[in-house]
Amino acid sequence: MNNNEDVRALAEEIAQLKKERDAVILAHYYARPEVQAVADILGDSLALSQLAATTEAKVIVFCGVHFMAETAAIISPEKKVLIPVENAGCSLAESVTAAGLATWRKYHPNGLIVSYVNTSAAVKAETDYCVTSANALKVIETLPLDVPILFGPDKNLGEYINLKTGRNMDLWQGDCYVHRHITGELIREYLERYPNADILIHPESVACGDKSILEHPRCFVGSTSGILKHPAQSEKKQFVVATEKEAITELVHQYPHLEFIPITREHYCEYMKLTTLTDLRDALRDEKHVVTIAPEVRERALLPIQRMLAVK
Ligand code: 13P
Ligand code: SF4
């Protein structure tokens with residue numbers, strides 16, 4: 001059997017198992033392209049959380065990283081949530097602990113803790129509001145100005161919000177090991193190298209704490225879904241993609257006539273790439289690995305997610 005036949009046979013097996021299990025396959029845009037191809041729903045962190053809340057399928061198979069599957073399990077406790085690779089983690093989610101947040105709260109009893117959705121269920125349980133990169137600005141703008149805020153764990157997204165809103169939130173000092181390589185210097189180098197291109201920058205990037213980048217007319221800052229919408233609103237034919245390289249799979253799919261240049265070909269999210277078609281098939285076939293969350297943690301973690309989903 002050659003590789004194409006392998007992929008086709010696995011995709012057929014997955015389609016059959018999916019029907020038998022009444023399952024829906026969710027995948028993030030950073031997943032392997034062949035996994036994206038068999039997903040029912042592709043999305044960024046916000047879209048996937050929203051879909052986990054509304055799907056009617058009995059089983060959700062999450063082709064992404066652990067915090068995403070946990071979020072789905074918090075939102076939809078009546079569903080079986082499966083993660084094909086149990087140890088698909090996230091450097092950012094692992095940088096913050098519930099105990100750390102509890103310490104900050106002790107010193108700021110009237111403060112609010114705002115956590116990026118890239119966090120464990122235990123951290124969400126200590127959180128007042130969750131955000132994703134797609135709605136962080138909107139959610140923060142709903143919060144009172146005179147209340148101290150701890151924003152975490154992504155310091156780059158936090159700095160970006162501070163710059164855009166004029167707030168002075170305390171920032172947890174975590175970052176994403178992929179986006180930490182996307183610096184202001186790197187963006188300036190690409191602006192020079194590609195004078196006709198727009199640069200599409202994810203706000204987890206270090207560059208988003210640099211005002212001159214935010215104000216540059218050819219720099220666009222947006223979540224994965226924002227980045228995917230931008231080319232439709234631009235007259236440019238060439239785009240430098242300053243985020244995880246796999247986002248280009250969907251960009252090319254939506255805009256086959258445009259050119260997309262990855263800024264970080266060598267920096268990609270190895271956690272997102274752990275899930276293969278074989279892992280996905282095995283997860284459906286053997287109904288593994290079921291994501292479980294202690295009820296007392298789930299109950300407390302649900303509130304900040306619901307508050308986030310309520311912000312339209
Ligand atoms: P978004 O899906 O919100 O763009 O975040 C990207 C990411 O790093 C997911 O882990
Ligand atoms: Fe985590 Fe970064 Fe990978 Fe997203 S890209 S899952 S933030 S390590």
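The values are calculated or read from the model by the stated rules, or taken from the named source; none is laboratory data. Please read all numbers here as calculations on a predicted model, not as lab measurements. Cβ coordinates were reconstructed from backbone atoms using ideal geometry, including for glycine residues, and neighbour counts include every protein chain displayed.
Residues are listed down the side, and each one gets a yes or a no for (1) among the hydrophobic types (A, V, I, L, M, F, W, C); (2) closer than 29 Å to residue 10 by Cβ; (3) within 15 Å of ligand 2 (Cβ to nearest atom):
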position	(1), (2), (3)
219	yes, no, no
253	no, yes, no
270	no, yes, yes
275	no, yes, yes
285	no, yes, no
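The requirement of being without any contact (Cβ under 8 Å) to a residue 60 or more places away in the chain and assigned to a helix (DSSP H, G or I) is fulfilled somewhere in the stretch 121-131, by at least one residue.
Please verify whether residue 137 is in contact with a Gly (Cβ under 9 Å, 6 or more places away or on another chain), away from ligand 2 (no atom under 16 Å from the Cβ) and assigned to a helix (DSSP H, G or I), treating the condition exactly as stated. Even if it seems obvious, please write down each step before you answer.
Details: in contact with a Gly (Cβ under 9 Å, 6 or more places away or on another chain): no; away from ligand 2 (no atom under 16 Å from the Cβ): yes; assigned to a helix (DSSP H, G or I): yes.
So residue 137 does not fit the description; no.
Of all residues in the stretch 114-161, those satisfying the criterion of being away from ligand 1 (no atom under 14 Å from the Cβ) and either among the hydroxyl-bearing types (Ser, Thr, Tyr) or farther than 20 Å from residue 173 by Cβ (or both) are 121, 125, 127, 129, 141, 142, 143, 144, 145, 146, 147.
A single entry from 125, 52 fulfils the requirement of being of a type in the set (A, V, I, L, M, F, W, C), in contact with a helix residue (DSSP H, G or I) (Cβ under 7 Å, 6 or more places away or on another chain) and at pLDDT below 95: 52.
Is it the case that the stretch 273-282 has a residue that's at negative phi, acidic (Asp, Glu) and free of Cβ contacts under 8 Å to residues at least 12 places away in the same chain?
First, the residues of the stretch 273-282 that are at negative phi: 273-282.
Within this subset, residues satisfying the condition of being acidic (Asp, Glu) are 279, 282.
Imposing the further condition that a residue be free of Cβ contacts under 8 Å to residues at least 12 places away in the same chain reduces the set to none.
No, the conditions are met nowhere in the stretch 273-282.
Tell me whether the stretch 4-21 contains one or more residues that are assigned to a loop (DSSP other than H, G, I, E, B), more than 18 Å from the chain's Cα centre (by Cα) and either away from ligand 1 (no atom under 16 Å from the Cβ) or not small (Gly, Ala, Ser) (or both). No, the conditions are met nowhere in the stretch 4-21. Filtering the stretch 116-134 to residues that are within 13 Å of ligand 2 (Cβ to nearest atom) and in contact with a Leu (Cβ under 9 Å, 6 or more places away or on another chain) leaves 116, 117, 118, 119, 132, 133.
Being closer than 16 Å to residue 236 by Cβ and not polar (S, T, N, Q) is true for just one of 201, 213. Which residue is that? Exactly one of 201, 213 is closer than 16 Å to residue 236 by Cβ and not polar (S, T, N, Q), namely 201. Considered as a group, the residues in the stretch 80-95 that are in a loop (DSSP other than H, G, I, E, B) and more than 16 Å from ligand 1 (Cβ to nearest atom) include one that is farthest from residue 67 (Cα to Cα), and that residue is 84.
Residues in the stretch 211-258 that are in contact (Cβ under 8 Å) with a residue 60 or more places away in the chain and of a type in the set (Asp, Glu) were compared, and the one that is farthest from residue 160 (Cα to Cα) is 250. Filtered by the rule that a residue be within 16 Å of ligand 2 (Cβ to nearest atom) and in a helix (DSSP H, G or I), the stretch 166-192 gives 179, 180, 181. In the stretch 212-266, counting only strands (runs of 3 or more DSSP E) that sit wholly within it, the ones holding 1 or more residues that are closer than 19 Å to residue 177 by Cβ, of a type outside the set (A, V, I, L, M) and within 22 Å of the chain's Cα centre (by Cα) span 259-262. Of all residues in the stretch 60-73, at least one satisfies being more than 29 Å from residue 148 (Cβ to Cβ), assigned to a helix (DSSP H, G or I) and away from ligand 2 (no atom under 16 Å from the Cβ).
Scanning the stretch 37-51 for residues that are in a helix (DSSP H, G or I) and farther than 24 Å from residue 13 by Cβ yields 45, 46, 47, 49, 50. So is residue 31 within 13 Å of ligand 1 (Cβ to nearest atom), in a loop (DSSP other than H, G, I, E, B) and either surrounded by 24 or more Cβ atoms within 10 Å (Cβ to Cβ) or modelled with pLDDT under 95 (or both) or not? Criteria met by residue 31.
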